[in-house]
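The values are calculated or read from the model by the stated rules, or taken from the named source; none is laboratory data. All figures in this text were calculated on a predicted structure; none of them were measured in a lab. Positions of Cβ are generated from backbone atoms using ideal geometry, with glycine treated the same way; all protein chains shown enter the neighbour counts.
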Amino acid sequence: MSQSAYEQTDLESDSDWHARSLEDVYADLESSGDGLPSEEAQKRLEREGPNEIEAEEGTSPLQILLEQYTSALIWVLIVAAIVMAGVGHTIDAAVIAGIVVFITLFGFVQDYRAEQSIQALQEMATTYALVRRDGEKREIDAKTVVPGDVVFVESGDIVPADARLVEESNLSVDEAALTGESVGVSKEVGTVDEDVALAERENMLFKDTVVERGSGTAVVVETGPESEIGQIATALEEAEERETPFQAEMDRLGKIIAGIVVLAVAVIAFAELIVGDTPPLQVFLTAVGIAVSAVPEGLPAVVTLSLALGARRMADQNALVRRLPIVEALGSVDVICTDKTGTLTEEEMTVQRIVANRGVYEVTGTGYDTDGEFLRDGDPVDDERVAEVLRCGMLCNNVDLGTRERDESETEGSGEAAGERDGERTYLGDPTEIALFVAAQKAGFDHEALAEEYPRVGEVEFTSARKRMTTVHQTPEDGTVAYMKGAPETVIERCDRELVDGEIVDLTDDRRAELEARNEEFAEDALRVMGFAYRPDVPEAQVEDPDDGLEHEMVFLGLQGMLDPPRPEVPDALAGCLDAGINVVMITGDNAVTARAVGEEVGLRSATVITGPELEEMSDEDLAEVVEDVDVFARTSPEHKTRILQTLQEKGHTVAMTGDGVNDAPAVKNSDVGVAMGIRGTDVTEQASDIVLLDDNFATIRDAVRGGRRIFDNVRKFVNYLLSGNGGEVTMVFTGSMVGLGLVITPIQILWINVVTDGIPALSMGVDPPAEDIMERDPRPPEEGVITERIVTSIVGIAVFMTVCLLPLFTLNFYGELAPGYDVTGALLGWSPDYEVGRELAQTMVFTGFVVFEIVRIQAIRFRYGLGLFSNRWLVLAVVVAVTLQFLVLYTPTGQLLFDVEPLGLVHWAQIAVAAVVFALLMAVFVKLQDRYFERY
């Protein structure tokens with residue numbers, strides 16, 4: 001069977017559907033106004049595939065579990081446990097194995113919970129499309145729509161696929177998700193130039209955009225991956241997952257520690273076997289001791305818990321984290337690229353100024369809040385001064401009131417915010433008309449009462465060509481009245497009179513010039529301006545035939561200027577970012593005038609604007625020269641956003657990209673920290689992101705950055721704490737072996753210190769409060785990791801100090817120089833001249849000394865951040881628990897059996913106390929020296 005012309009056509013290369021005539025579109029698609037036969041539609045569905053964008057598959061539980069075993073640190077412990085079991089040290093092997101299981105299960109639980117939250121967020125409800133097939137209208141699953149289908153859309157519908165408009169009636173579409181436009185786009189039948197921007201293709205409908213007003217018929221030209229949204233989603237799949245600097249550093253740290261273990265074991269083995277003639281079993285035990293000393297067993301658990309706790313705090317503040325390591329990356333962000341609509345602004349058009357009765361009035365209140373006042377020169381005025389123009393705005397209006405029910409697909413993570421929206425009254429219609437509706441409500445107008453008093457008997461609908469709308473009403477006193485709203489110049493030219501203080505007067509040429517000047521003034525302030533007029537005593541003939549002069553001889557009522565206002569909390573949030581050394585760049589699809597006005601109002605540095613067309617004229621070198629000085633990009637396309645992002649990254653910046661629409665998704669995916677909007681955001685953008693804002697609020701980004709910096713500080717503190725302690729253990733074991741003292745502390749004792757006694761205080765550091773100057777510092781340089789030169793010197797210095805202070809304790813007790821013999825006093829104090837007992841006692845002294853030294857060390861680290869011991873009640877509790885557990889080990893039979901320890905007497909505690917004081921003094925001097933050569937943190 002030969003193929004049809006449609007089957008032979010490579011439609012993947014077609015992108016000029018908007019520039020072709022309708023006849024050519026139908027011909028190329030082998031379709032018609034009657035739609036497709038069902039049989040042909042099925043063939044096309046099999047060829048083109050379903051009209052959907054494949055969602056990113058989640059990670060399976062098994063994959064999450066296996067990922068826990070990719071750490072080099074974990075494998076060092078596993079090998080140690082296997083070998084210990086092989087030589088008969090069953091208890092030691094069991095404890096090591098238990099620690100491995102604990103670490104991996106803890107990490108699994110945290111990662112699995114995060115994955116489940118994201119999978120819930122990505123669930124989407126089935127959508128349907130109304131199409132004509134076999135000459136009849138049918139409602140079908142939107143996934144089965146194919147090129148050539150004729151689809152019907154009306155107010156509230158989601159457009160099922162990219163389609164060329166065939167018919168329309170007052171059709172306006174919200175394309176913010178695709179183009180970034182904050183105002184609905186009026187659609188009309190016809191052709192447009194081939195090279196026109198996506199946002200200006202008035203004859204096209206695009207998949208997943210929303211019909212605001214009117215109705216239309218269109219023929220489908222692209223579906224699924226070939227739609228505009230689908231192409232963006234496909235590009236996202238090609239973007240590689242960016243490894244955070246912290247992930248790379250932790251991986252590098254694990255490899256370094258593994259290398260140190262191998263090197264140290266090799267040196268000790270050579271020294272003891274060749275030089276010292278030590279028995280092989282003792283050499284092995286020493287090697288295991290070195291390995292266990294070097295590995296910070298608690299580090300994976302502590303890092304995971306700290307990130308998880310930070311993610312939980314951020315979720316409580318309406319920021320859902322999709323990948324735990326990204327929480328830390330937030331702290332190094334130095335540029336935030338944000339869209340405008342819904343993030344910096346309310347996404348709720350609001351009337352802000354009114355011209356009426358030859359006066360200018362300010363309107364207070366923002367968004368859809370009906371509380372507000374009308375002011376002139378700052379003083380409240382009687383609502384009657386603006387009543388007529390507001391009445392006109394409410395009557396000449398097609399807004400409906402509805403109730404918003406909570407979508408079942410909304411996640412539990414949206415919490416209270418979603419619950420507050422459930423069942424609330426909402427407005428259905430064009431954002432401009434909603435703004436007029438709300439303004440009238442502020443003056444006390446009730447829609448139902450007004451509609452009953454002024455019933456509508458006729459309407460001449462708004463079109464982009466007419467730029468106006470007129471409705472006709474019966475009134476109780478004035479007979480039939482027509483109300484008009486539209487573009488100011490269109491309304492004014494149809495008026496010959498004006499209403500001033502209740503009287504109708506002539507509209508002079510001078511007055512027309514004044515109104516035109518006022519309109520320009522409003523427009524320069526980025527206000528969207530509408531003009532209003534009415535005509536009393538409309539003849540019956542003109543009601544029946546509006547073309548017979550209905551829209552002439554009108555009486556001018558006034559102007560209303562509206563704007564999508566900034567969120568009230570945004571200026572402070574943005575100022576906080578600038579104080580923290582974070583530059584904020586607004587990238588929007590809106591025009592330059594609106595973008596500049598919003599930028600100035602929220603407090604951007606200079607509101608310097610570059611438009612998309614200007615950007616296209618710039619070379620990469622030209623853009624690189626100016627990109628750091630521009631904080632507003634207007635009329636941008638998806639490609640522009642990605643180019644801006646890449647240029648900033650090439651300049652060495654760590655960039656967070658926020659967005660809600662599909663047009664933001666590629667840049668969100670490729671940014672260092674991708675932030676999607678949870679309320680207005682599309683599924684494609686959420687899949688591409690690292691963080692989803694459940695309240696779509698820029699202030700939440702500021703809070704997330706503060707949280708990220710706090711988490712990084714805490715991670716740095718406990719990494720410093722754990723590694724310096726482990727460094728001390730390695731140095732102590734290595735030195736003891738080299739000077740012929742043998743194993744100065746057993747592997748099982750080291751594990752206890754690292755996981756329990758060290759781990760519990762380190763875990764509590766994860767909830768340390770932020771330093772007072774946390775949002776006053778400049779962002780951390782991208783190349784600066786968790787482990788700085790200062791921390792490296794701390795690890796080395798503390799290791800030496802611990803060894804210097806603890807080695808004498810071991811030596812004195814091992815050789816029993818303080819215990820001349822057994823007597824009553826000596827027995828009470830715990831002295832012993834027995835060398836075998838002395839080894840256990842000496843190891844116990846080192847074991848307990850490490851615990852005490854770590855408690856001293858933890859507060860020394862926190863002191864540099866301005867934190868006192870009692871600033872974190874969990875840390876106080878952790879120290880108490882750690883000390884209690886150590887006493888249980890020392891003074892219970894089970895603890896003594898498991899850990900081969902001797903109970904300590906008063907003299908032993910006195911020795912440890914003296915050593916701890918010396919250790920604290922050495923640290924204090926060392927910190928002062930560090931302060932001369934290194935940054936504070």
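See the values below:
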| quantity | calculated |
| --- | --- |
| The one condition in (1) closer than 20 Å to residue 172 by Cα; (2) loosely packed, with under 15 Cβ neighbours inside 10 Å that residue 394 fails to fulfil | (2) |
| Conditions (1) among the β-branched types (Val, Ile, Thr); (2) under 30 Å from residue 791 (Cα atoms); (3) in contact with an Asp or Glu (Cβ under 7 Å, 6 or more places away or on another chain); (4) at pLDDT 65 or above; number of the one not met by residue 244 | (4) |
| Pairs where the first residue, in the stretch 721-742, is among the charged types (D, E, K, R) and the second is part of a loop (DSSP other than H, G, I, E, B), C-beta under 9 Å, 6+ apart | 729/745 |
| Selection within the stretch 599-611 - in a helix (DSSP H, G or I) and surrounded by fewer than 20 Cβ atoms within 10 Å (Cβ to Cβ) | 600, 601 |
| Residues of the stretch 661-685 that turn out to be modelled with pLDDT under 80 and surrounded by fewer than 24 Cβ atoms within 10 Å (Cβ to Cβ), as a count | 3 |
| Search result, residues across the stretch 36-77 that are hydroxyl-bearing (Ser, Thr, Tyr), within 30 Å of residue 207 (Cα to Cα) and modelled with pLDDT under 80 | 59 |
| Given (1) assigned to a strand (DSSP E or B); (2) under 21 Å from residue 353 (Cα atoms), number of the condition residue 523 does not satisfy | (1) |
| Of the criteria (1) assigned to a helix (DSSP H, G or I); (2) at pLDDT below 75, which one residue 425 fails | (1) |
| Evaluation of residue 300 against (1) farther than 29 Å from residue 601 by Cβ; (2) of a type outside the set (A, V, I, L, M, F, W, C); (3) at pLDDT 75 or above (one fails), failing number | (3) |
| Test: residue in the stretch 850-867 that is among the hydroxyl-bearing types (Ser, Thr, Tyr) and in a helix (DSSP H, G or I) | no |
| Strands (runs of 3 or more DSSP E) within the stretch 314-365 that include 1 or more residues modelled with pLDDT of 85 or more and in contact with a Leu (Cβ under 8 Å, 6 or more places away or on another chain) | 335-338, 350-356, 359-363 |
| Inter-residue pairs, beta-carbon under 6 Å, first among the acidic types (Asp, Glu) and in the stretch 323-348, second in a strand (DSSP E or B), 6+ apart | 339/659 |
| Unique residue being outside the structural domain of residue 200 (by TED's automatic domain parsing), at pLDDT below 90 and β-branched (Val, Ile, Thr) when the list is 658, 647 | 658 |
| Any hit, the stretch 499-520, residues being touching a residue at least 24 places away in the same chain (Cβ under 8 Å), assigned to a loop (DSSP other than H, G, I, E, B) and exposed (fewer than 13 other Cβ atoms within 10 Å of the Cβ) | yes |
| Within the stretch 636-672, tally of residues that are part of a loop (DSSP other than H, G, I, E, B) and over 17 Å from residue 228 (Cβ atoms) | 6 |
| Condition met for residue 115 (among the acidic types (Asp, Glu) and either at pLDDT below 70 or in a loop (DSSP other than H, G, I, E, B) (or both)) | yes |
| Residues of the stretch 175-202 classified as touching a strand residue (DSSP E or B) at 6+ places or on another chain (Cβ under 7 Å), at pLDDT 80 or above and crowded, with 21+ Cβ neighbours inside 10 Å, total | 3 |
| Any hit, the stretch 907-919, residues being in contact with a Lys or Arg (Cβ under 7 Å, 6 or more places away or on another chain) and either surrounded by 20 or more Cβ atoms within 10 Å (Cβ to Cβ) or part of a loop (DSSP other than H, G, I, E, B) (or both) | no |
| Per-region count, the stretch 374-404, residues among the polar types (S, T, N, Q), over 22 Å from residue 499 (Cβ atoms) and in contact (Cβ under 8 Å) with a residue 24 or more places away in the chain | 1 |
| Hits in the stretch 473-498 (condition: among the hydroxyl-bearing types (Ser, Thr, Tyr) and surrounded by 15 or more Cβ atoms within 10 Å (Cβ to Cβ)) | 480, 483, 490 |
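To keep it simple, each residue is scored yes or no on (1) touching a residue at least 40 places away in the same chain (Cβ under 8 Å); (2) under 13 Å from residue 848 (Cα atoms).
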{"position": "882", "(1), (2)": "yes, yes"}
{"position": "889", "(1), (2)": "yes, yes"}
{"position": "910", "(1), (2)": "no, yes"}
{"position": "918", "(1), (2)": "yes, no"}
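Each row is one residue, and each column tells you yes or no for (1) surrounded by 24 or more Cβ atoms within 10 Å (Cβ to Cβ); (2) over 21 Å from residue 786 (Cα atoms).
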{"residue": "699", "(1), (2)": "no, yes"}
{"residue": "703", "(1), (2)": "no, yes"}
{"residue": "714", "(1), (2)": "yes, no"}
{"residue": "721", "(1), (2)": "yes, no"}
{"residue": "728", "(1), (2)": "yes, no"}
{"residue": "733", "(1), (2)": "yes, yes"}
{"residue": "739", "(1), (2)": "no, yes"}
{"residue": "747", "(1), (2)": "yes, yes"}
{"residue": "752", "(1), (2)": "yes, yes"}
